[in-house]
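Have a look at the structure below before the remarks.
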Amino acid sequence: MTAIVHSLEPITLVGAGSLSDSDIDDSLALAPTLVAADGGAAHCLAAEVMPEAVIGDLDSLDMVQVARIPWERVHEITEQDSTDFDKALRHIETPLVVAVGFTGARMDHELAAYNVLVRRADRRCVLVGETDVLCVAPPKLTLDVPKDTRVSLFPMGAVTGRSEGLKWPIDGLEFAPDGGIGTSNAATGPVTLEMAAAGMLLILPKAFLPLLVKALLATPEGWPAP
């Protein structure tokens, strides 16, 4: 897969879903290169920040909006077998993506974003929502969160794992979307998670976005490309 955008630093990726007034600024503080997935460019223009690239099928932008973006930054991918989030994520080369504007609004779009996270688990990506942040849990991750922090785990496939620092340990449990899940757990102190497969969504309160980004960047081992 040929990358459209390369960065040695994390990248902020903006979608066309719901955003708070500060989401783009907060993400750029952690991931300073800005990329938009199709209609996410409208959010960028409204915030008066110009994306380095716009990637997607461009069906969510009008010609007036497209005309405001330098033509060499617009990358149209016309195939309809994948979402704009997928099109953008697979054409970005970076240590980590902070993705905003992919939750809220339409529920089917949000579910599709979770699907992409798992299918592209080799690409580290944190999805930012209205109240929470989430990512695919890597093979091993340590989070220096305070006691009583909500730590939720939701499986997108059959997954097992181990934990330290959770009120309800996950060792020996079998998780599945139609079986056991791990939402509304809590930290007893710093948490370490180990997963046997790529398929577990890790969900934390939004205030822990900087901590999660730092922890993921410090984790040497990731999931292999599919």
**Message:** Take the residues in segment 181-226 that are among the small types (G, A, S) and touching a Leu at 6+ places or on another chain (Cβ under 6 Å); name whichever of them is nearest to C125 (Cα to Cα).
**Reply:** A215
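On the given criteria, is D108 free of Cβ contacts under 8 Å to residues at least 24 places away in the same chain and closer than 20 Å to I203 by Cβ?
Details: free of Cβ contacts under 8 Å to residues at least 24 places away in the same chain: yes; closer than 20 Å to I203 by Cβ: yes.
Criteria met by D108.
Just so you know, all these numbers are worked out from the coordinates, no wet-lab data involved. Computed from a predicted structure; not experimentally measured. Glycine also receives a Cβ, built like all others from the backbone with ideal geometry; neighbour counts cover every protein chain displayed.
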